[in-house]
Amino acid sequence: MANYQIIFLPLVIIVLLTVFVEKGFSIKCWVCRSDSDPKCSDPFDNTTIPITDCSKERELEHLPGVRPTMCRKVRQKVNGVWRFFRSCAYLGEPGIQGDERFCLMRTGTYNIFMEYCTCNSKDGCNSASGIQLNKFLQFNGIVTAIWIFLFSRF
């Protein structure tokens, strides 16, 4: 039994670090425009669009020292025509009061509608909404698999 403990403890530590530690300073986002690439609209098709590491984006002249830390999706309707823009976000707040399911909406004159969605929950969060697997459920599945592997020999 002691041999299993020697193998099990480092394995559990590696799994915990892998599952619960995430990069805090860099996020990867989809960067595209539907007026130049129709796959950028909704439903989003990222099969030919590479994901962009926002830490490598250039600094903006009008925002010196500000780095992109979030992803943004803009949905725009001008005179009945929809356009979608996905990018790294330099400013903003994830959703309304931190809830990424809600976006900031604006309407204007001349039949203009805009919706700004900003997120930082995971890489590529500015794609179409999808199901996210809870970190606890991932951890629970990994631990169960390890236990089954270790104790199936008894």
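The values are calculated or read from the model by the stated rules, or taken from the named source; none is laboratory data. It should be emphasised that the depicted structure is a prediction, and the values quoted were computed from it without experimental measurement. Here the Cβ is made from the backbone with ideal geometry for all residues, glycine too, and neighbour counts use every protein chain on show. Ligands, DNA and RNA are excluded from the accessible area calculation, which covers all protein heavy atoms including side chains. Shrake-Rupley method; radii C 1.70, N 1.55, O 1.52, S 1.80 Å.
Quick one: order Arg83, Arg33 from most to least accessible surface, probe 1.4 Å.
Of Arg83, Arg33, the descending order of accessible area is Arg33, Arg83.
With all protein chains present, calculate the accessible area of Phe85 using a 1.4 Å probe and round the result to the nearest 10 Å².
40
Hey, for a label at Tyr110 modelled as a point 7 Å past Cα toward Cβ, could you say which residues of the range 47-88 have their backbone N under 12 Å away?
Answer for this model: 78-79.
Checking the cross-link filter: which aspartates and glutamates have an alpha carbon closer than 19 Å to that of Lys77, excluding same-chain neighbours under 8 positions apart?
Asp35, Asp37, Asp42, Glu115
Would you tell me the accessible area of Ile27, worked out with a 1.4 angstrom probe on the heavy atoms of the protein chains, in Å² to the nearest 10?
Its heavy atoms expose roughly 10 Å² to the probe.
What accessible area, in Å² to the nearest ten, does a 1.4 Å probe give for Asp42?
For Asp42, the solvent-accessible surface is approximately 60 Å².
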